[in-house]
Amino acid sequence: MTSKKNKSAIQRRLIPSYIFLIIWSFISVFPFYWMIVASSNSSYEVSQGKLTFGSHFIENFINLTHDYNLWGAMGNSFKYAIAQTVLCLFICSLAGYGFELYHDKHKDRLFGVLLLAMMVPQVATMIPLFVMIAKMKMLNTVVAFILPAISTPFMIMMFRQNSRNFPVDIMEAARIDGLNEFQIFFRMYMPVMKSTYAAAAVISFMNAWNAYLWPKVVMPKSEAQTMPMLIAVIAGGYSIDYGKLMMGVLFCSIPTMIIFFLLQKQFAEGITGAVK
């Protein structure tokens, strides 16, 4: 009897917490709901703040694909984001692996310089980067898009911090078995650190997919347009069709949401430094 009273008392104390979580969950989910609803309404209905589904979903989709190169922008975004993510994971994990698991008296000083680079704003490096890319005649190419982001201090720091949980005894045993350093990295390190790779992949893919300012600078041609650039073009018109705009925003948001939900568990484990 006493245990039932205690249980009911605990449940009553948790009611305010549940109410708070429900309200906060609704606030968090509402923008996604409104984005989907707005893509099914006309421009006038969106501007009036209609919050129920309409009958213009197919019409907005047809108008968007007719007036703009939606599939070309989607293809460019996927191409650039995947290339940047793969190279970023490889280079930054290799750097973090070396910084943490190979001992050298100068590596901490070099790592400190990398951390200082995090304090430099991107706009401060944009002009020299653009001049360098232009002199190498790489404008409107994948290389121009991914070059500044394939190795970032944050990603290197993330891999280095999580590498501290990597069992060093495995390396010693692998060396005794005759494996070289690259074989240890590919066969031992990468499978063990898969949660960190998943978290880094989510971050890198989202950064690449949502990038706007740097692609706008180095990719002036419409053929190299990405999804954020396409959304900016739709929103920058003299007369904005909000239904068509929200349809573009919906298509721009779907890939990142899918990536996050598929890797949600691994993302949480990678951020907390879990190693299996």
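So, in the stretch 92-139, exactly how many residues are surrounded by 12 or more Cβ atoms within 10 Å (Cβ to Cβ) and of a type in the set (Asp, Glu)?
Residues in the stretch 92-139 being surrounded by 12 or more Cβ atoms within 10 Å (Cβ to Cβ) and of a type in the set (Asp, Glu): 1 in total.
Provide a single number: the residues in the stretch 159-197 that are of a type in the set (A, V, I, L, M) and buried (at least 22 other Cβ atoms within 10 Å of the Cβ).
So the count comes out to 1.
Only residues in the stretch 15-43 that are touching a residue at least 60 places away in the same chain (Cβ under 8 Å) and under 21 Å from residue 253 (Cβ atoms) count as the first member; pair them with residues that are surrounded by 16 or more Cβ atoms within 10 Å (Cβ to Cβ) and among the hydroxyl-bearing types (Ser, Thr, Tyr), Cβ under 7 angstrom, at least 6 apart or cross-chain, and list the lot.
Close Cβ pairs (under 7 Å, with a partner that is surrounded by 16 or more Cβ atoms within 10 Å (Cβ to Cβ) and among the hydroxyl-bearing types (Ser, Thr, Tyr)) amount to 35/253; 38/242; 43/242.
In the stretch 135-167, how many are of a type in the set (A, V, I, L, M) and farther than 21 Å from residue 120 by Cβ?
5
When you scan the stretch 103-159 for helices (runs of 4 or more DSSP H) that lie fully inside it, which ones turn up with 1 or more residues that are within 18 Å of residue 91 (Cβ to Cβ) and at pLDDT 85 or above?
The qualifying helices (runs of 4 or more DSSP H) are 122-135, 142-146.
Residues are listed down the side, and each one gets a yes or a no for (1) touching a Gly at 6+ places or on another chain (Cβ under 8 Å); (2) part of a helix (DSSP H, G or I); (3) closer than 20 Å to residue 150 by Cα:
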{"site": "173", "(1), (2), (3)": "no, yes, no"}
{"site": "190", "(1), (2), (3)": "no, yes, yes"}
{"site": "195", "(1), (2), (3)": "yes, yes, yes"}
{"site": "208", "(1), (2), (3)": "no, yes, yes"}
{"site": "245", "(1), (2), (3)": "no, yes, no"}
{"site": "249", "(1), (2), (3)": "no, yes, no"}
{"site": "254", "(1), (2), (3)": "no, yes, no"}
{"site": "257", "(1), (2), (3)": "no, yes, no"}
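A quick yes/no check of all residues on (1) in the same structural domain as residue 226 (by TED's automatic domain parsing); (2) in contact (Cβ under 8 Å) with a residue 12 or more places away in the chain; (3) under 17 Å from residue 193 (Cβ atoms); (4) in contact with a strand residue (DSSP E or B) (Cβ under 8 Å, 6 or more places away or on another chain):
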| position | (1), (2), (3), (4) |
| --- | --- |
| 100 | yes, yes, yes, no |
| 112 | yes, no, no, no |
| 124 | yes, no, no, no |
| 129 | yes, yes, no, no |
| 152 | yes, yes, no, no |
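Specify which of the listed residues (70, 89) is within 30 Å of residue 189 (Cβ to Cβ) and buried (at least 16 other Cβ atoms within 10 Å of the Cβ).
The unique qualifying residue is 89.
Among 184, 203, which is under 16 Å from the mean Cα position of the chain (by Cα) and assigned to a helix (DSSP H, G or I)?
203
Since residue 231 meets every condition but one in (1) part of a helix (DSSP H, G or I); (2) loosely packed, with under 13 Cβ neighbours inside 10 Å, which condition does it not meet?
(2)
The values are calculated or read from the model by the stated rules, or taken from the named source; none is laboratory data. Keep in mind that this is a model prediction, so the values were computed, not measured. We place every Cβ from the backbone using ideal geometry, glycine too, and count neighbours over all the protein chains shown.
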